[in-house]
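Q: The structure follows.
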Amino acid sequence: MPASAAIAPEQLRLSVAPMMDWTDTHCRVFHRTIAPHARLYTEMVHANAVVLGDRTRLLAMDPIEHPVALQLGGSEPELLAQAARIGAGHGFDEINLNCGCPSDRVQAGRFGACLMREPTLVAESVGAMIEACDVPVTVKCRLGVDDDHDFDHFLAFIDTVAAAGCRTFVVHARNAWLKGLSPKENREVPPLRYDWAYALKRERPGLQVIVNGGIATEHEATAHLDHVEGAMLGRAAYHDPYLLHRLDVAWFGGALRTRGDLLRALRPYIEDQLARGVYLKHITRHFLGLFASERGGRAFRQVLSEGAHKPGADWSLIERALALTEHPAVAA
Ligand SMILES: Cc1cc2nc3c(=O)[nH]c(=O)nc-3n(C[C@H](O)[C@H](O)[C@H](O)COP(=O)(O)O)c2cc1C
């Protein structure tokens, strides 16, 4: 059984979680600008859509995003293999299989978190994906579903998938409850058990383990690195993107840049996108949280929220919003 290609450990330390409707290409370009060393993930795309759908839209990616992983949903090995081949051919640096999403739509399609109960099918899928492409194939999973509370059961899932060649596991360190909880509640209600992710690394030191779920501060993220290869941040990175910048500088070196500097570095990208007909609001929505809890942060957000959807909105709107953070008196 061929093993998946390896990922350099320093590329696993910091990552931004795959998030539907959020981590599109504009979001990832922004995150890359503020966190040069983070590993980025696309939103989940179903394998079927990759094979049959509008790839220009679904697999949109800017070269600045590397290293960037394509996350696939699905449970048909042949289809996933085809989608993995296409994704790698588009230049994605990793193909990740979603075994953690609990939504009803996903359960009806028999993929996402319910795959935690089908390790053999996941192993077959991962094996086919590894055969089909030469970039690393990884898995993002939960600890279990519903009332599975047995570490050995979780370990058996990982072992089965690892035997098919997968070396890298992103562990969202809580169960998914498939009945009675919304996807949002499923990110909050089932208790976090980071100790299971740590125990996985201890028991299987040859595997690469990234921990995910509820990481909200620089201190918390850093503490995980004593136990596993990496920390993956989702909501905290999206709502407070400067946290990503601080983590990148703390873990990889370099000088902290101001929020304004980071945003102005995006100007050529934004102007290029506007020239291609992209609406400003599709880009600015991802950095509304850049000045979260800073002076002028609310005004910054308000100017962008109210102005970015208007016809002709351009870079000057962003400068106006930035001015309110740099000279808050102007906000009055
Ligand atoms: C809006 C939103 C969309 C998400 N979409 C996906 C997805 O497409 N694939 C996936 O594996 N997880 C998805 N997740 C889950 C995150 O990747 C992550 O596992 C979860 O939010 C826990 O991490 P956090 O506490 O750092 O946010 C999503 C989360 C959010 C908030």
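The values are calculated or read from the model by the stated rules, or taken from the named source; none is laboratory data. Quantities reported herein were computed from a predicted structural model and do not represent experimental measurements. Ideal geometry is used to build each Cβ from the backbone, glycine not excepted, and the neighbour counts take in all protein chains shown.
Q: Within the stretch 62-81, which residues are under 14 Å from the mean Cα position of the chain (by Cα) and of a type in the set (A, V, I, L, M, F, W, C)?
A: Correct list: Val68, Ala69, Leu70, Leu72.
Q: Could you go through the stretch 186-203 and let me know if any residue there is in contact with a Phe, Trp or Tyr (Cβ under 9 Å, 6 or more places away or on another chain), away from the ligand (no atom under 13 Å from the Cβ), assigned to a strand (DSSP E or B) and modelled with pLDDT of 95 or more.
A: No: zero hits.
Q: Check off (1) more than 13 Å from the ligand (Cβ to nearest atom); (2) more than 18 Å from Gly289 (Cα to Cα); (3) at pLDDT 95 or above; (4) hydroxyl-bearing (Ser, Thr, Tyr) for Ser4 and give me the number that stays unchecked.
A: (3)
Q: From Ile95, Ile86, Ile130, grab the single residue that is surrounded by fewer than 22 Cβ atoms within 10 Å (Cβ to Cβ), of a type in the set (A, V, I, L, M, F, W, C) and either assigned to a helix (DSSP H, G or I) or touching a residue at least 40 places away in the same chain (Cβ under 8 Å) (or both).
A: Ile86
Q: Closer than 19 Å to Ile210 by Cα and either in contact (Cβ under 8 Å) with a residue 12 or more places away in the chain or under 20 Å from the mean Cα position of the chain (by Cα) (or both): is that true of Ile158 in this structure?
A: yes
Q: Would you please name the residue that is farthest from the ligand (Cβ to nearest atom), looking only at residues in the stretch 206-233 that are assigned to a loop (DSSP other than H, G, I, E, B) and among the acidic types (Asp, Glu)?
A: Ranking the candidates gives Asp226 first.
Q: Among residues belonging to the stretch 18-35 that are within 13 Å of the ligand (Cβ to nearest atom) and part of a loop (DSSP other than H, G, I, E, B), point out the one that is nearest to the chain's Cα centre (by Cα).
A: Pro18
Q: Which members of the stretch 167-180 meet the condition of being away from the ligand (no atom under 11 Å from the Cβ) and either buried (at least 16 other Cβ atoms within 10 Å of the Cβ) or within 17 Å of the chain's Cα centre (by Cα) (or both)?
A: Arg167, Thr168, Phe169, Asn175, Trp177, Leu178
Q: Taking Leu256, is it surrounded by 16 or more Cβ atoms within 10 Å (Cβ to Cβ) and either without any contact (Cβ under 8 Å) to a residue 24 or more places away in the chain or among the aliphatic types (A, V, I, L, M) (or both)?
A: No.
Q: Let me ask something additional. May I ask you to verify whether Tyr242 is outside the structural domain of Thr23 (by TED's automatic domain parsing), touching a residue at least 40 places away in the same chain (Cβ under 8 Å), of a type in the set (Ser, Thr, Tyr) and part of a helix (DSSP H, G or I)?
A: Judged against the criteria, Tyr242 is not a match.
Q: May I pose another question? For Glu271, indicate whether it is of a type outside the set (Gly, Ala, Ser), farther than 22 Å from Asp240 by Cβ and either touching a residue at least 12 places away in the same chain (Cβ under 8 Å) or surrounded by fewer than 19 Cβ atoms within 10 Å (Cβ to Cβ) (or both).
A: Taking the combined requirement at face value, the residue satisfies it.
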